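Chemist: First the structure, then my questions, so here it is.
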Amino acid sequence: MKNSKYLLSLLLLGAGIVNSNAQTESQIFPIVTVPIPKEIALEVGGMTFLPNDELAVATRRGEVWIITNPYMKDGEQPKYRLFAHGMHEILGLNYIKGDIYLTQRAELTRLRDLDGDGEADEYRTMYSWPLSGNYHEYAYGPMLDKDGNMVVTLNLGWIGFGESMSKWHGWMLKFTPDFTMKPFATGFRSPAAFALNNNGDVFYAENQGDWVGSGSITHVEEGDFLGNPAGLIWADQPGSPVKLRKKDIPDTGEPKYDVAKRVPGLKTPSVWIPHSIMGNSTSGILNYSDNGNMGPFKGQLFVGDQAQSKISRVFLEKVKGVYQGMVFPFREGFSSGILRMNWGSDGSMLVGMTSRGWSSTGKEEYGLQRLTWSGIMPFEVQTVKAQPDGFELEFTMPVDEKTARNAGSYKLSTFTYKYHHIYGSPVINQSPRNIKAIVISPDHKRVRLVLDSLKEGYIHEIRTEGLRSEGDNTPLLHNYGYYTLNKIPDGEKVVATAENKPTDSMQTSNAAQGMDHHHMGNMTANNSKITGSTAAGKHITKQPISWKNGPDKTILLGTKPGLKFDITNLTLKAGTKVKLTFANTDDMLHNFVLTTPGAGNVVGEMVMKMGLDGEKYDFVPNSAKVLAHTTLLQPGKSDTIYFTVPKTPGIYPFICSYPGHYTVMKGQIKVIK
């Protein structure tokens, strides 16, 4: 009976009904907005602090602004002054050895204020690279590595797929102090950010796309090939440390880890960041150094996401000489798309944002905010370390022994992605992992989970919905994360005994395992799982036999840059027979989903809760609020569907339901009598 009450309490907690002890992100990590004058479009592309504690901010519009007092000390407003302008889409900025450096589309530039009037009057090209003129040829950096070299990365162009249309695009380049260029590594698609960890090793962030199943961060070493073959066109050039050629890269759709076993030089991610669950567009990386004050996570990395306007936390460890680790949720709710992050002198995190052209769940077009720590200790999984037979979880506070020993408090599974030229990948080879033994440390701050098996090279989902803190029964602030297991460590394995055998009173309840206080994994308000759309009549690709005279209306729908449909308003009579062809001419995945009145955002929010199964169902939830939809379309593909306009007049929204797109990529059909 006691266990039944506990289970009921857990179910109610998952539904958000009980437990006043639950912590919130806003309580632990408050966000403060730094005001921006209305006349300044601060579309942040780069940020760096100057020695006098002023913040320099570069914008996508080619400007550099200097902000005095971004902390708003003593209640005073920050002051802005224009330092430089007239440049081409700046996506990186750094203060190095007394000078401001930045990357424009075509060059690495140094700015100097020679006459001391507070405005740059020397714009010096330190190194330039060729351009084809393709809009997707972004450039990022510079960062200073541990040896004093500047690091820059160059994006691939986009022509329906990633292509290196100009020399060294798709590469990481290093520049010595005398600005001699050395190609360092290739295989990059859209390397929007990179940073050093505490050991001075370089990690870069990659975005989902062709040859990239999901976002990730990866340790980069000289001569590495990171996966996209387009940049290999330059691998035969003088100075290239990369030995692979395009013909060496198989396009089989196998997991990348398996392909890397027979393709020497192919580097797999240090930590995968599961697409749509942990983010859509991996952006800035910030090492939690002694400069920061952001809770008990020193030495870990914070990773931004541009599309979902949030920051994740990454714990890394090195096993058999290879980096691997766990990505956790950290903080949602920023005002725009996160691109850059820096530590302020007060230990707060300055977060620079932009959404133009890329869109974000944050509604603002751009923004600057400060993330702070309240000093309240969050109840979190602090680290997860691989063991020869499972994982050891370390907590920021002692964990309640009863919930920690219960196998039903956890849910573990493994999965991976396809490595192929196709844009993105569904989750593949998904399977559950079972717990054989649970060992709790004497101080109750570490829990070792012994599993039936581990899968090297796979992502291990670890959910801990049932755990509570010792004493006050507080649930975890975040109760799920994803560990990328590149190497299984050696060491002593735990022998299952009667003493470490897990209790299993909760294992019978899948509902309890599925509950997630913040993420709400795969659950709706009535505890039914949000699955994909399998209802008949919502994706009809052949003209119905009953349409003797064909469709009444033929609609050709396309895309526009900036996550937009090319038609956003349609007026149709009730009962109209419609043939709609949706052509995805964009460089991202899209679909068309017609919903019931007022349900556009509701359906979009349902998609965000579909979890690992989302892409398998084209990110269309099985809901009566969905009236008709296309499949999820690769760039350059189209789908034709047939549907009948509802008989009830009203405004019927249509959206792209790909995670995060629904907030901006939408339109409506006005149905009249």
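Chemist: Quick check: is even one residue across the range 571-593 modelled with pLDDT under 95, out of contact with any Ser or Thr (no Cβ under 7 Å at 6 or more places or on another chain) and either farther than 17 Å from Leu633 by Cα or of a type in the set (Lys, Arg) (or both)?
Modeler: no
Chemist: A further question on this structure: When you go through (1) modelled with pLDDT of 95 or more; (2) at negative phi; (3) of a type outside the set (Ser, Thr, Tyr); (4) assigned to a loop (DSSP other than H, G, I, E, B) one by one for Gly253, which number turns out not to apply?
Modeler: Condition (2) is where Gly253 drops out.
Chemist: For the range 662-673, enumerate the residues that are open to solvent by 10 Å² or more (accessible area, probe 1.4 Å) and under 32 Å from the mean Cα position of the chain (by Cα). Full working, then the answer.
Modeler: Filtering the range 662-673 for residues open to solvent by 10 Å² or more (accessible area, probe 1.4 Å) gives 662-664, 666-668, 670, 672-673.
Answer for the range 662-673, where residues must be open to solvent by 10 Å² or more (accessible area, probe 1.4 Å) and under 32 Å from the mean Cα position of the chain (by Cα): Tyr662, Thr663, Val664, Lys666, Gly667, Gln668.
Chemist: Would you be able to say whether some residue in the range 605-623 is open to solvent by 70 Å² or more (accessible area, probe 1.4 Å) and modelled with pLDDT of 95 or more?
Modeler: No, the range 605-623 contains no residue that is open to solvent by 70 Å² or more (accessible area, probe 1.4 Å) and modelled with pLDDT of 95 or more.
Chemist: Could I ask something else about it? Look through the range 536-551, keep the residues that are of a type outside the set (Val, Ile, Thr) and more than 20 Å from Thr631 (Cβ to Cβ), and return whichever of them is surrounded by the most Cβ atoms within 10 Å (Cβ to Cβ).
Modeler: Ranking the candidates gives Trp547 first.
Chemist: Would you check which residues across the range 310-336 are small (Gly, Ala, Ser) and within 20 Å of Pro378 (Cβ to Cβ) and list them?
Modeler: Correct list: Ser312, Gly325, Gly333.
Chemist: Any idea which of (1) of a type outside the set (Lys, Arg); (2) over 30 Å from Arg340 (Cα atoms); (3) open to solvent by less than 10 Å² (accessible area, probe 1.4 Å) is the one Val271 doesn't satisfy?
Modeler: All conditions are met except number (2).
Chemist: Which of (1) part of a loop (DSSP other than H, G, I, E, B); (2) under 17 Å from the mean Cα position of the chain (by Cα) is the odd one out, the single condition Phe179 does not satisfy?
Modeler: Answer for Phe179: the failing condition is (2).
Chemist: Note down all Cβ pairs under 7 Å where the first residue falls in the range 201-219 and is closer than 19 Å to Arg340 by Cα, the second is among the basic types (Lys, Arg), and they're at least six residues apart or on different chains.
Modeler: Between residues of the range 201-219 that are closer than 19 Å to Arg340 by Cα and residues that are among the basic types (Lys, Arg), the close pairs are Glu206/Arg189; Asn207/Arg189; Thr218/Lys267.
Chemist: Further question: Tell me which residues, restricted to the range 638-667, are touching a Phe, Trp or Tyr at 6+ places or on another chain (Cβ under 6 Å), assigned to a strand (DSSP E or B) and farther than 21 Å from Pro551 by Cβ.
Modeler: The answer is Ile655, and nothing else.
Chemist: Test Ile545 against the criterion of being under 15 Å from Lys666 (Cα atoms), of a type in the set (Val, Ile, Thr) and assigned to a loop (DSSP other than H, G, I, E, B), and give yes or no.
Modeler: Judged against the criteria, Ile545 is not a match.
Chemist: Which number in (1) open to solvent by 20 Å² or more (accessible area, probe 1.4 Å); (2) in contact with a strand residue (DSSP E or B) (Cβ under 8 Å, 6 or more places away or on another chain); (3) without any contact (Cβ under 8 Å) to a residue 24 or more places away in the chain marks the one condition that Leu316 misses?
Modeler: Among (1) open to solvent by 20 Å² or more (accessible area, probe 1.4 Å); (2) in contact with a strand residue (DSSP E or B) (Cβ under 8 Å, 6 or more places away or on another chain); (3) without any contact (Cβ under 8 Å) to a residue 24 or more places away in the chain, Leu316 violates only (3).
Chemist: If you don't mind, there's one more thing I want to ask. I need the full set of residues from the range 87-124 which are open to solvent by 20 Å² or more (accessible area, probe 1.4 Å), more than 25 Å from Ala193 (Cβ to Cβ) and outside any strand (DSSP E or B), in order please.
Modeler: Asp113, Leu114, Asp115, Gly116, Asp117, Glu119, Asp121, listed by residue number.
Chemist: Would you pick out the residues in the range 586-602 that are closer than 29 Å to Ile545 by Cβ and open to solvent by 20 Å² or more (accessible area, probe 1.4 Å)?
Modeler: Thr596 - this is the single residue of the range 586-602 that is closer than 29 Å to Ile545 by Cβ and open to solvent by 20 Å² or more (accessible area, probe 1.4 Å).
Chemist: If Gln104 satisfies every condition in (1) in contact (Cβ under 8 Å) with a residue 12 or more places away in the chain; (2) within 30 Å of Ser638 (Cα to Cα) but one, which is the exception?
Modeler: (2)
Chemist: Restricting to the range 462-482, count the residues that are out of contact with any Gly (no Cβ under 8 Å at 6 or more places or on another chain), within 29 Å of Tyr417 (Cα to Cα) and in a strand (DSSP E or B).
Modeler: So the count comes out to 2.
Chemist: Let me ask another. I'd like the residue in the range 562-585 that is crowded, with 21+ Cβ neighbours inside 10 Å and over 22 Å from Val671 (Cβ atoms) and, out of all such residues, is nearest to the chain's Cα centre (by Cα).
Modeler: My answer is Leu563.
Chemist: Applying the selection to the range 274-297, what residues are touching a Lys or Arg at 6+ places or on another chain (Cβ under 6 Å) and open to solvent by 30 Å² or more (accessible area, probe 1.4 Å)?
Modeler: If the condition is that a residue be touching a Lys or Arg at 6+ places or on another chain (Cβ under 6 Å) and open to solvent by 30 Å² or more (accessible area, probe 1.4 Å), then no residue fits.
Chemist: I would also like to ask the following. Exactly one condition in (1) at pLDDT 95 or above; (2) under 25 Å from Gln27 (Cβ atoms) is false for Gln308; which is it?
Modeler: The one condition Gln308 does not meet is (1).
Chemist: Determine the pairs where a residue that is under 17 Å from Leu633 (Cα atoms), located within the range 421-432, has a partner that is surrounded by fewer than 18 Cβ atoms within 10 Å (Cβ to Cβ) with Cβ atoms under 6 Å apart, the partner being 6 or more residues away or on another chain.
Modeler: Short answer, once both residue conditions are applied: His421/Asp251; Tyr423/Gln634; Pro426/Lys616.
The values are calculated or read from the model by the stated rules, or taken from the named source; none is laboratory data. None of the values given here were measured: they were computed from a predicted structure. Note: ideal-geometry Cβ built from the backbone for every residue, glycine included; neighbour counts use all protein chains shown. What goes into the accessible areas is simple: the full protein's heavy atoms, side chains included, and nothing from ligands, DNA or RNA. Shrake-Rupley method; radii C 1.70, N 1.55, O 1.52, S 1.80 Å.
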